[in-house]
Structures are given as C-alpha cells and as structure tokens.
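All remarks here apply to the structure that follows.
The values are calculated or read from the model by the stated rules, or taken from the named source; none is laboratory data. For clarity, every value in this text was computed on a predicted model and none was experimentally measured. FYI the Cβ positions are ideal-geometry reconstructions off the backbone, even for glycines, and counts take in every protein chain you see. In case anyone asks, the SASA skips ligands and DNA or RNA and just uses the protein heavy atoms, side chains included. Shrake-Rupley method; radii C 1.70, N 1.55, O 1.52, S 1.80 Å.
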Amino acid sequence: MTVIKTVLFDLDGTLVDTAPDMAAALDLLCDEVDHPVLPFEKVRPVVSDGSVALIKLAFGDALDEQRLHHLKQRYLDIYMENICKHSVPFKGILEVLEYLEKNGMNWGVVTNKPGWLTLPLMDSLGLKQRASSIVSGDTTENRKPHPEPMHLACSEAESESHECLYVGDAQRDIEAGINAGMKTLIARYGYIKQQDKISDWGADAIINSPEEILLHL
C-alpha cells in the first residue's frame, strides 16, 4: 500500500471558497460598463475556469480579442483590489490541514491562478507560510493538465509523485494528477457544473466534504 506523505490541493473551489469575491468583482465590472449582473448561482460553477471564462459568461462568446482583453484586465484589477473580502477555506479544510501537519505529512497548492493573485490570497488567509509548495499558473512553463506543475510541487514538498494525493474540482485537475502519477480525489463540494460527468474523469474517489480526504491517506 502506498503511503501518502503530501496532499496537494487545487485552490479555487477545493481549498478556498473564492466564488463570493470573484463573483462580486464580476458584478462591479458589469456595473462599470452598464451591463446586466448575473445571479451568483450562474457564476459559481464557472469560477474554477478563470477570468476569461467569467468574462465570456457575462458578456458572451462573440467578443473581439481587444474587448475581451480589456474586460479581462479590468476584471482582474477589480478582483485584486478585493481579493480576500469574503473568501474563506471551505468548511473542514483547516481541520484537515491541522491533521496533516500534526501527523508528519505536509500539503501544498497547485493552481492555474496566476501567482500575483495566488500568493496575496494565501497570505491573507494565513496559509502561505504553512504550505510546503505553492505552484501557480505562471510558475512553470506549462499549466494543468500538464504534469509539470505537479512534479514541481512534489519536489518542493520532498515527496515522490506516488506519495502525493491531489484534490481538485475540475477535470483538468484530475488529468494533471493522473498524468503526474498521483492518487486523485474529486471535490464534489467545489465548483462542479451540472453537466459535468465527474464519474468519467478517472479519479480514485469522489468526496463530498474536505474531511473525507482523511479516509484516503
């Protein structure tokens, strides 16, 4: 039986519930340009897909590149200004992290979120110094689902890939973990879309709460 030494998390929708702040930033952007605001329930499942997906959700797919770029940059500026007003670790996450730290394991983050947003968020939540590795979307040349960021996180955590467990709420998370040779869990409590067929993603298991991670160590 493989002994898990490191648990790695996706950030948005797995470790931290960032949807309130990311949706609020989209609301502010829509207000700025006199565009209708979307209901939170429609925005939440798209948060894990990043800023471009959110802009297209609100403004449509027919945006020209210049308009898309402008709206994306403005959105990110607004989000950065309000990055941790309502974002909190998911219920049960802090207890899981404490368990890992007290039992000789470590943990880290692998996210496609850029570092200039990831690090301030982790710092504001008091998690930056506790993580053995924080790999952002611009840390390595390739992003998830490529295994490169996963391997870097393993190396920084001083674990081998087969000693790592990766938890995520998007198909690219599970693909990245599998591509890197890790055990994988789907966070059903995260930003899962209604049409997502998560049973087809190939993960080792699906969890309904962070506490269930401990059952897979």
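Can Ile206 be described as closer than 25 Å to Val46 by Cβ, without any contact (Cβ under 8 Å) to a residue 40 or more places away in the chain and either of a type in the set (Lys, Arg) or not in a loop (DSSP other than H, G, I, E, B) (or both)? Judged against the criteria, Ile206 is a match. In the stretch 186-207 there is no residue that is more than 17 Å from Val16 (Cβ to Cβ), touching a Lys or Arg at 6+ places or on another chain (Cβ under 6 Å), buried (at least 17 other Cβ atoms within 10 Å of the Cβ) and not β-branched (Val, Ile, Thr).
Contact map, the stretch 54-81: first residue under 13 Å from Leu117 (Cα atoms), second residue open to solvent by 60 Å² or more (accessible area, probe 1.4 Å) and of a type outside the set (D, E, K, R), Cβ cut-off under 6 Å, separation 6 or more or different chains; pairs are Ile78/Leu28.
Tallying residues that are within 18 Å of Gly13 (Cα to Cα), out of contact with any Gly (no Cβ under 8 Å at 6 or more places or on another chain), touching a residue at least 24 places away in the same chain (Cβ under 8 Å) and of a type outside the set (S, T, N, Q) within the stretch 123-143 yields 2.
Taken over the stretch 98-109, the criterion of being closer than 20 Å to Tyr189 by Cβ, surrounded by 13 or more Cβ atoms within 10 Å (Cβ to Cβ) and out of contact with any strand residue (DSSP E or B) (no Cβ under 6 Å at 6 or more places or on another chain) is satisfied by Tyr99 alone. Anything in the stretch 26-52 that is surrounded by 14 or more Cβ atoms within 10 Å (Cβ to Cβ), without any contact (Cβ under 8 Å) to a residue 60 or more places away in the chain and either aromatic (Phe, Trp, Tyr) or within 21 Å of Gly168 (Cα to Cα) (or both)? List them, or say none. Val43, Ser51, Val52, listed by residue number. Applying the condition of being in a loop (DSSP other than H, G, I, E, B) and among the polar types (S, T, N, Q) to the stretch 128-171 and asking which residue is nearest to Lys183 (Cα to Cα) yields Ser159.
So in the stretch 65-93, with the set limited to residues that are outside any loop (DSSP other than H, G, I, E, B) and in contact with a Pro (Cβ under 9 Å, 6 or more places away or on another chain), which one is least open to solvent (accessible area, probe 1.4 Å)?
Residues of the stretch 65-93 that are outside any loop (DSSP other than H, G, I, E, B), as a first pass: 65-81, 88-89, 93.
If we keep only those that are in contact with a Pro (Cβ under 9 Å, 6 or more places away or on another chain) as well, we get 76, 80, 88-89, 93.
Details: Leu76: 18, Met80: 68, Val88: 76, Pro89: 30, Ile93: 0 Å².
Of everything passing the filter in the stretch 65-93, Ile93 is least open to solvent (accessible area, probe 1.4 Å).
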